[in-house]
Amino acid sequence: MRGAVTRFAARDPGPAARIAGFMGHLRANGFRLGIAETETALAALATTDCSEPATRRALKSVCCGSAEDWARFDAVFDSFWRNGGRVRTKAVPSNTTPAKATREAEGQATSGAGRTDASDSQKDGEADTGGEGRLIATRVANLRRRDLREVVSADDIRLAETVARRLGAALRDRRSRRVKAAAKGARIDLRRTLRASLSTGGEPFRLKRRRRPDRPVRIAALVDVSGSMQPYARPFLAFLAGLMRADAAADAYLFHTRLVRVTEALRDEDPFRALNRISLLADGFGGGSRIGAALQHFATTHARTHVDGRTVVMILSDGYDSAPGTDIGTALGRLSKRGCRILWLNPLKGWRDYAPVASGMAAALPHLDLFAPAATLDDLAALETELARL
Amino acid sequence: MTADTVQSGLAAQGYVASPDLAMALHLALSLGRPLLLEGAAGVGKTEVARALAAWKRCDLIRLQCYEGLDAAQAIYEWNYPRQLLAIRAQGDHADEAKLFSETYLLERPLLRAIRQPIAPVLLIDEIDRADEEFEAYLLEILSDFAITIPELGTLRATTRPMVILTANGTRDLSDALRRRCLYAHVDYPDAGTELQILTTRHPTLNHHLAAQVVGFVQSLRKEELEKKPGVAEMLDFAAALAGLGVADLSADPAILQAALATLLKTQSDRAIITTEVAQRLAGKAA
């Protein structure tokens, strides 16, 4: 055990600085932490003994804020305090200009072949949302990692943002027809006002009001980033990034052989850093696809909290699944029971003579509210009228 | 005090806490921070607060959140009928300043919690059901433990309650609230822990049946169910079997199927777990 523990340099500045370093490491791994948390962490450590499990649990309780953090924490902790994966912190370059210069050139080169940098350290658990599936997935999926920033440019994102904003606006009929009691509102609620006046001796002191509540439609977008979808990755990822910036309630997921929620990562203020973070999350980008399993996973986990009757689930995929297509049918059936509307945007549909014969696509069709072609940002923008009709 | 003290203290009250949860509670107590507990329904989140209050021998003040919960229900309200009565009774000599004094103030859970002589446990249950506006109120109270009533001024906390919030994912909580709290995720217990819980709660249950019940419920959770049975359901199930005089789970399929009523609460789940499936799971658990 002793050899595995990180050895610190002789001029180590002390425990406080080390904890601060760990906080930085957590931040680089997508934990949302401020200075206050560092203080709390130090205060917490002062109340516990110094054994490793106690330290780990104390920091876990302080630094985690959600179930996803909780599941990821142990791996990130190990990668910092044990000499497991110190390389990973440097995966976020401070300067993005070199990547930008080569992006265009590489864009063409990579579209066909795909780069095969086999990733060396898979130890620290980026993107662990799939629970037990993760280890298997990283081992089986071919270990290709691509920097998504090579695929998408800043202009794309800006353009996509406007498209996404317009699509979002088309999807929602903003206000309900019913009126509901509310603290502020245009109309006076006579019945409640009278009732309230009883407690003030018949004088209607407090006016109760009602208004038509806002019922926004939420969008949950699932983007297929498997190998067969690579030519379309550029518009779709830009669209995803744009959507997240345009709509604070939207949700984003990527899937190939497994499904990852990238909502939090994409909310990053800097669009490039956001893409960098999801390219860390989307390990195995450009590999095989298991749409059925990914949708099933979505329907049984994330959908429970994020999908309801006022959600539009938008799937961007070509429907080529390496597993039998029946899974897709059952997953979508389960999903549509939640009362959401399901759109499937398929880049292949735009082709002449295309028929949805891929078994997955055929199984999906009965559950779809809209099955439309989309291969470029312009196609997505053109959907506006169709979405308004839904 | 260490995490172990918390763990053994809760164990004395019949609550078996995981090491992670014990550490989180220990920190919440020693740093005086609220603790946010998340996890599926029925894993014992609410029960933590009960056990904690029993262990600390203090009151448990519970605020059950629901959609539309407002400050008047959660913090304080003026007792209007009583104020009116006072005005009528005093006639022309009504003293307006007295009408807005503490005599006419109705304390709701949050105000009551900060004005106890002994610090109570304040349980804010299912915070994710309340509206976002209410979350904002709560943040203010949780950060300075003071409540401002315009007519009376600011009421400061006499004691700081131990605050426990629970959520099970009806909606996403705001980052601000998450950051203010310590966090622990409560999972379904593993087989060993669950057996420990069962024997703590039903010490008279025969050992063979207890092991079978836990094995059965554990494998039932692996099935594709809409609502997985929680710990409370498991305890009901064990109590039901004991009450029916069952000594072995796979002995009588009809009784087992009837007792499933304590575990499976939706029609489709009942349909999935047919007699055959239940027998198979019971056979595995034996």
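Quick note: the coordinates plus some simple rules give every number you see, no bench work behind them. Because the structure is a prediction, the values reported are computed rather than measured. Cβ coordinates were reconstructed from backbone atoms using ideal geometry, including for glycine residues, and neighbour counts include every protein chain displayed.
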Residue in segment B:106-124 that is within 14 Å of chain A (Cβ to nearest Cβ) and of a type in the set (Asp, Glu) present: no
Hits in segment B:75-99 (condition: acidic (Asp, Glu) and in a loop (DSSP other than H, G, I, E, B)): B:95
Of the criteria (1) surrounded by 21 or more Cβ atoms within 10 Å (Cβ to Cβ); (2) under 17 Å from the mean Cα position of the chain (by Cα); (3) within 13 Å of another protein chain (Cβ to nearest Cβ), which one residue B:44 fails: (3)
Filter result for residue B:160 (surrounded by 18 or more Cβ atoms within 10 Å (Cβ to Cβ) and not β-branched (Val, Ile, Thr)): no
Those helices (runs of 4 or more DSSP H) lying entirely in segment B:178-286 with at least 2 residues under 18 Å from residue B:16 (Cα atoms): B:191-201, B:207-222, B:231-243
Test: residue B:51 is crowded, with 21+ Cβ neighbours inside 10 Å and either at negative phi or under 17 Å from the mean Cα position of the chain (by Cα) (or both): yes
Subset of segment B:145-168 [of a type outside the set (A, V, I, L, M, F, W, C) and within 14 Å of another protein chain (Cβ to nearest Cβ)]: B:166, B:168
Condition met for residue B:57 (closer than 19 Å to residue B:117 by Cα and in contact with an Asp or Glu (Cβ under 8 Å, 6 or more places away or on another chain)): no
Residue satisfying all of: in segment A:40-52; more than 16 Å from residue A:65 (Cβ to Cβ) and part of a helix (DSSP H, G or I); nearest to the other protein chains (Cβ to nearest Cβ) among these: A:43
Qualifying residue in segment B:25-38 (condition: more than 15 Å from the chain's Cα centre (by Cα) and away from chain A (no Cβ under 14 Å)): no
Helices (runs of 4 or more DSSP H) wholly inside segment A:178-284 that include at least 3 residues being more than 14 Å from every other protein chain (Cβ to nearest Cβ): A:190-198, A:233-246, A:271-281
Failed item, numbered, when residue B:171 is tested on (1) at the interface with another protein chain (Cβ under 9 Å from one of its Cβ atoms); (2) surrounded by 18 or more Cβ atoms within 10 Å (Cβ to Cβ); (3) assigned to a loop (DSSP other than H, G, I, E, B): (2)
Residues satisfying the stated conditions in segment B:243-278, i.e. over 16 Å from residue B:217 (Cα atoms) and charged (D, E, K, R): B:252
Residues satisfying the stated conditions in segment A:60-72, i.e. more than 7 Å from chain B (Cβ to nearest Cβ) and surrounded by fewer than 24 Cβ atoms within 10 Å (Cβ to Cβ): A:68, A:69, A:71, A:72
Members of segment A:302-339 that are away from chain B (no Cβ under 12 Å), within 19 Å of the chain's Cα centre (by Cα) and part of a helix (DSSP H, G or I): A:335
Inter-residue pairs, beta-carbon under 8 Å, first of a type in the set (S, T, N, Q) and in segment B:21-46, second in a loop (DSSP other than H, G, I, E, B), 6+ apart: B:30/A:47; B:30/B:1
Any hit, segment B:229-248, residues being touching a residue at least 24 places away in the same chain (Cβ under 8 Å) and either among the hydroxyl-bearing types (Ser, Thr, Tyr) or within 14 Å of chain A (Cβ to nearest Cβ) (or both): no
